[in-house]
Amino acid sequence: MTLYLSQIRDQETAISTLQRALRSDKLHHAYLFEGPPGVGKQLTAMALSAAMNCVQSPEACGECSHCRKIRTGNHPDVKILQPPEGKRNILIEGVRQAEEWIRMRPHEGKAKVLIISPADAMTESAANALLKTLEEPRPGNYIILVTAAASSLLPTVRSRCQTVRFKALSSSTIAELLLASGVSEEEAALLVSLSCGSMETALQYRSEELSGRIDIVAALIEGASSRIPEQALSAAARLRDRGEAIAVLELLLFVMEDLLNARAGVSVSNGLSLKFGDLMTKLQRGGSVESVATHIAAINRALVSIQRNNMNPQLAIEGMVMNMRSRTKNEYWSRIGAK
Ligand SMILES: [Zn+2]
């Protein structure tokens, strides 16, 4: 694991802000690390904790007992507060215990660092309980809130922290990290296009299910464009699991958005629509930007039905395929001049 601030990728502004504060001994007692998931926020929090506690180097040496313990998550003065196993929220009890912990003198290090990640997992009462500690910091105490959803934090919490913004990773960084972790070049290219600049997202897609999902997406596109929708309907029948259905629809959405960009002459491509070459040509027969936009709307409607309205995924996807088909058919008829 990287434990040096200078090794954090693509976050020059954030890192130089922290390095300057470290060098001039002007660290804020509470930071809010904000930015997309999977871009190095928590890694930075750990690296900063190491830099604060290292006895050898102002930027962490990686060798001393503090650096080693922080790297392995065993340092008694650095604590990560996260939701309990299997739970989504950080409750008030968790915050109270952490506050008690941070009030005690450092065991062996120079600084006590409490990292709350993700900070937006705190319930309102948990966040309110934290306010006093944020307001009246003790010397040597630091709190780092890590979040990809800063707007869902209480304004009173946000205003007591110094915000450090993190940005999406570059495609080349994600590709490099994926290749280093043993992903093939072809898969890495696909994952980069799905990642939206987030390693977390890239890794979510890096599963054996991906090729299965690509097959289903192909079947749905085929069903939306061929005379007989059977293939798409049997694909829909395989999507009874809600989470899986959502993952497939999101993938399909990526493909359509790529196609829309291509149609609209936007040169940035995630390369996904190319993967479905022949099928896409079929689907494009109607040809217009509007038809692709209509397909996107149909996919989004299905996603909303499943996510928010708790609709049966199979039914939602069947409906979506039918909507996509009618649009394709209408365009075909109008193009050949029949009504
Ligand atoms: Zn060290």
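The values are calculated or read from the model by the stated rules, or taken from the named source; none is laboratory data. Please read all numbers here as calculations on a predicted model, not as lab measurements. Cβ atoms come from the backbone with ideal geometry, glycine included; neighbour counts cover every protein chain shown. Ligands, DNA and RNA are stripped out before the accessible areas are found, and what is left, the full protein with its side chains, is counted by its heavy atoms. Shrake-Rupley method; radii C 1.70, N 1.55, O 1.52, S 1.80 Å.
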Given Ala235, Ala224, which one is in contact with an Asp or Glu (Cβ under 9 Å, 6 or more places away or on another chain), small (Gly, Ala, Ser), assigned to a helix (DSSP H, G or I) and modelled with pLDDT under 90?
Ala235
If I ask for residues that are out of contact with any Lys or Arg (no Cβ under 9 Å at 6 or more places or on another chain), open to solvent by 10 Å² or more (accessible area, probe 1.4 Å) and assigned to a helix (DSSP H, G or I), which ones from the stretch 195-209 would you list?
Met199, Glu200, Thr201, Leu203, Gln204, Glu209
Restrict the check to the stretch 111-126 and report whether at least one residue is touching a residue at least 40 places away in the same chain (Cβ under 8 Å), more than 30 Å from Arg206 (Cβ to Cβ) and in contact with a helix residue (DSSP H, G or I) (Cβ under 7 Å, 6 or more places away or on another chain).
yes
Which one of the conditions (1) at pLDDT below 85; (2) over 22 Å from the mean Cα position of the chain (by Cα) does Arg206 fail to meet, given that it meets all the rest?
(2)
Does Arg238 count as of a type outside the set (A, V, I, L, M), open to solvent by 70 Å² or more (accessible area, probe 1.4 Å), within 13 Å of Ile317 (Cα to Cα) and not assigned by TED's automatic domain parsing to the domain that holds Gln11?
yes
When the residues of the stretch 75-90 are filtered to those that are hydrophobic (A, V, I, L, M, F, W, C) and open to solvent by less than 30 Å² (accessible area, probe 1.4 Å), which remaining residue is farthest from the ligand (Cβ to nearest atom)?
Ile90
Yes/no for Ile174 being assigned to a helix (DSSP H, G or I), in contact (Cβ under 8 Å) with a residue 12 or more places away in the chain and within 25 Å of the chain's Cα centre (by Cα)
yes
Name the single residue, out of those in the stretch 47-74 being more than 11 Å from the ligand (Cβ to nearest atom) and part of a loop (DSSP other than H, G, I, E, B), that is farthest from Ala127 (Cα to Cα).
Thr72
Of the residues in the stretch 96-118 that are closer than 21 Å to Ala149 by Cβ and of a type in the set (A, V, I, L, M), the one that is surrounded by the fewest Cβ atoms within 10 Å (Cβ to Cβ) is Ala98
Yes/no for Asn141 being open to solvent by 10 Å² or more (accessible area, probe 1.4 Å) and more than 19 Å from Met52 (Cβ to Cβ):
no
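Every residue, every condition in (1) of a type outside the set (Lys, Arg); (2) within 30 Å of Glu176 (Cβ to Cβ), yes or no:
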residue	(1), (2)
Leu18	yes, yes
Phe33	yes, yes
Met52	yes, yes
Val55	yes, no
Glu63	yes, yes
Val78	yes, yes
Arg96	no, no
Out of curiosity, is Gln42 assigned to a helix (DSSP H, G or I), within 18 Å of Arg138 (Cα to Cα) and open to solvent by 40 Å² or more (accessible area, probe 1.4 Å)?
no
Pick from the stretch 210-235 the residues that are surrounded by fewer than 19 Cβ atoms within 10 Å (Cβ to Cβ) and among the polar types (S, T, N, Q): which of them is nearest to the chain's Cα centre (by Cα)?
Ser211
Which one of these is under 29 Å from Leu154 (Cβ atoms), open to solvent by 10 Å² or more (accessible area, probe 1.4 Å) and at pLDDT 95 or above: Glu93, Glu12?
Glu93
Gly62 fails exactly one of (1) closer than 25 Å to Ile8 by Cβ; (2) open to solvent by less than 20 Å² (accessible area, probe 1.4 Å); (3) at pLDDT 90 or above, namely (3)
Just one of (1) farther than 19 Å from Ile15 by Cα; (2) out of contact with any strand residue (DSSP E or B) (no Cβ under 8 Å at 6 or more places or on another chain); (3) part of a loop (DSSP other than H, G, I, E, B) trips up Leu131, so point out which.
(3)
In the stretch 20-39, what count of residues is obtained for those that are open to solvent by 30 Å² or more (accessible area, probe 1.4 Å) and either more than 16 Å from the ligand (Cβ to nearest atom) or of a type in the set (Gly, Ala, Ser) (or both)?
11
Looking at Val192, Val164, Val183, Val146, can you tell me which residue is open to solvent by less than 60 Å² (accessible area, probe 1.4 Å), farther than 22 Å from Glu34 by Cβ and not in a helix (DSSP H, G or I)?
Val183
